[in-house]
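**Student:** Structure incoming, see below.
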Amino acid sequence: MSAYAPLSSAARRMGKVTCSILLTAAFTGTFLSFEAGAACFDPKIPSSVSSVSGYEMSVAEEIGLAKVIAIGKVIASRNIPIPEDPENYEVTIYTVQIERVLKGSLPSQVRLSSSNTTARYWMELGERHILFLTREWKENRGIADYYVDNCGNSSTLPKGDAVVKQVEKTLSQESPRAKSAPQPSRKAGER
């Protein structure tokens, strides 16, 4: 039983798929080279209607959905082991020093989980990232605080500088509207 139970079955399935692909390649003599990525599906289209991967969330859409957007630097990482996993780990926990919060609120450091599957969001020590964060499941919060959807617009910096500028521009345009809340309507003749 894993301390990070919601991911263990997914990690085992990924291990079986990887093993199956390698065995097939070994027996057929066919070796394919490809970069694995997450299967990203449009959440607005029911899976029964479309199973086409490749959906890319727009920055504007993710700004609207995200509760927290921040810029941070990876200062530590550790793998959580699971014996059943072919690579002997199920999830990596990154500790990120928050440099700037663009939306929402965060402490100065957060722990981000990244599962050892195709849904993994890769980070390296010392890298800076713009991060669109989702709160981790309650049962996993002892291990991590948030996770990153790798189908979104989180990115290393400076590669993601254009995303940062778009977030800043969008949020600065939203701020004045939030401050000028509509006034209650008055009845005829009232001042």
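The values are calculated or read from the model by the stated rules, or taken from the named source; none is laboratory data. Here the structure is a predicted model, which is why all the values come from computation and not from measurement. Glycine also receives a Cβ, built like all others from the backbone with ideal geometry; neighbour counts cover every protein chain displayed.
**Student:** How many residues does the range 131-165 hold that are touching a residue at least 60 places away in the same chain (Cβ under 8 Å), over 18 Å from residue 111 (Cβ atoms) and within 12 Å of the chain's Cα centre (by Cα)?
**Tutor:** Residues in the range 131-165 being touching a residue at least 60 places away in the same chain (Cβ under 8 Å), over 18 Å from residue 111 (Cβ atoms) and within 12 Å of the chain's Cα centre (by Cα): 3 in total.
**Student:** I've got another one for you. Out of 124, 84, 90, I need the residue that is over 24 Å from residue 40 (Cβ atoms) and either surrounded by fewer than 18 Cβ atoms within 10 Å (Cβ to Cβ) or touching a residue at least 60 places away in the same chain (Cβ under 8 Å) (or both). Which one?
**Tutor:** 84
**Student:** Mind checking which residues of the range 93-145 are in contact with a helix residue (DSSP H, G or I) (Cβ under 7 Å, 6 or more places away or on another chain) and at pLDDT 95 or above?
**Tutor:** Passing the criteria: 102, 103, 130, 132.
**Student:** Let me confirm something: among 157, 131, which residue is among the hydrophobic types (A, V, I, L, M, F, W, C), surrounded by 19 or more Cβ atoms within 10 Å (Cβ to Cβ) and on the phi < 0 side of the Ramachandran plot?
**Tutor:** Result of the check over 157, 131: 131.
**Student:** Do you know which of the residues in the range 93-109 that are touching a strand residue (DSSP E or B) at 6+ places or on another chain (Cβ under 6 Å) and farther than 20 Å from residue 62 by Cα is surrounded by the fewest Cβ atoms within 10 Å (Cβ to Cβ)?
**Tutor:** 108
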